[in-house]
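Let me begin by presenting the structure, written as structure tokens, before commenting on it.
The values are calculated or read from the model by the stated rules, or taken from the named source; none is laboratory data. Here the structure is a predicted model, which means the values were calculated and not measured. Glycine gets a Cβ as well: all are built from the backbone with ideal geometry, and neighbour counts include every protein chain shown. Keep in mind that these areas ignore ligands, DNA and RNA; they rest on the heavy atoms of the full protein, side chains included. Shrake-Rupley method; radii C 1.70, N 1.55, O 1.52, S 1.80 Å.
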Amino acid sequence: MTSTLDSVPSLPSASGARDDSLRAYDSGLLILRLALGLIMAVHGAQKLFGWFGGYGLEGTGQYFTESGYPAGKAMAVVAGLTETLGGLGLAVGLITPLAAAAILGTMINAVVLRWSGGFFAPEGFEYEILLAAGAGALALTGPGRLAVDRFLPVLRTHRLTHGIAAVALGVVTAGFILIIRN
């Protein structure tokens, strides 16, 4: 006769539980990186190439000029490259702190542009805040073990100082761009 205890799976050892936790952590970071990174890369492609219903450099440059940015077309190139390269960097986990800083800085500018529309979408800035928060979180946590950074000696083990420096870089760069805006 078998007892009900025979059908209960055994609990993992302490090291097995830790391995499962790390796999869950890395998988969660991978999903966040892919979602945030690919969304941002697509937005960049809209600005640079007019793909996915975007306005391309001409239309985006006009929008930036109307929004008070100097050299609107040049700013469109900068924004498009920042979103595309930063997004792809996040997606694959390549130089993650800098990729996250690029996205964070861009989203701070987007929040300022949409501020007068209130908080809630479609005119508000809630979406941009969420993207900025995700980028900041990835800068601070690192990409996890399922990332290209794992193969780079300096970034193999993420350090909080890398994340803090990246967040500071994103905020300072965004502040500079906002200061030169009319």
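Structure notes:
- For the chain, the membrane-span-like helix rule (DSSP H, alpha carbon extent of at least 18 Å along the helix axis, mean Kyte-Doolittle at least -1.0) picks out 14-49, 72-92, 96-114, 126-141, 160-180; this says nothing about an actual membrane.
- In terms of accessible area, using a 1.4 Å probe and ignoring ligands and nucleic acids, D149, D20 rank largest first as D20, D149.
- Fraction of accessible area attributable to carbon and sulfur, region 22-169 (%, probe 1.4 Å): 74 percent
- Listed residues A121, A76, I31: farthest to the positive end of the dipole of the chain (Cβ charges): A76
- When the Gaussian network model of the chain links Cα atoms closer than 10 Å, the mean-square fluctuations of G53, G72, G136 top out at G53.
- The modelled label-to-label distance for the pair R23/E66, using points 7 Å beyond Cα in the direction of Cβ, is 5.2 nm.
- Charge tally around E128: other residues with Cβ under 14 Å, Lys/Arg +1 each, Asp/Glu -1 each, net -2.
- Cα-centre dipole for the chain with unit charges at Cβ (Lys and Arg positive, Asp and Glu negative), debye to 20: 440 debye
- Net charge over other residues, Cβ less than 13 angstrom from the Cβ of G93 (K, R count +1; D, E count -1): +2
- Surface accessible to a 1.4 Å probe, per residue, for the residues of the chain, Å²: 58 Å²
- Size of the chain as Cα extents on the principal axes (Å, biggest first): 79, 37, 28
- Nearest-0.05 FRET efficiency for V78 and R159, computed from C-beta distance (R0 35 Å): 0.80
- For the chain, calculated [θ]222 nm from helices alone, where every DSSP H run of n ≥ 4 adds -39500 (n - 2.57): -23500 deg cm²/dmol
- Separation between Cα centres of region 154-182 and region 15-83, rounded to whole Å: 16 Å
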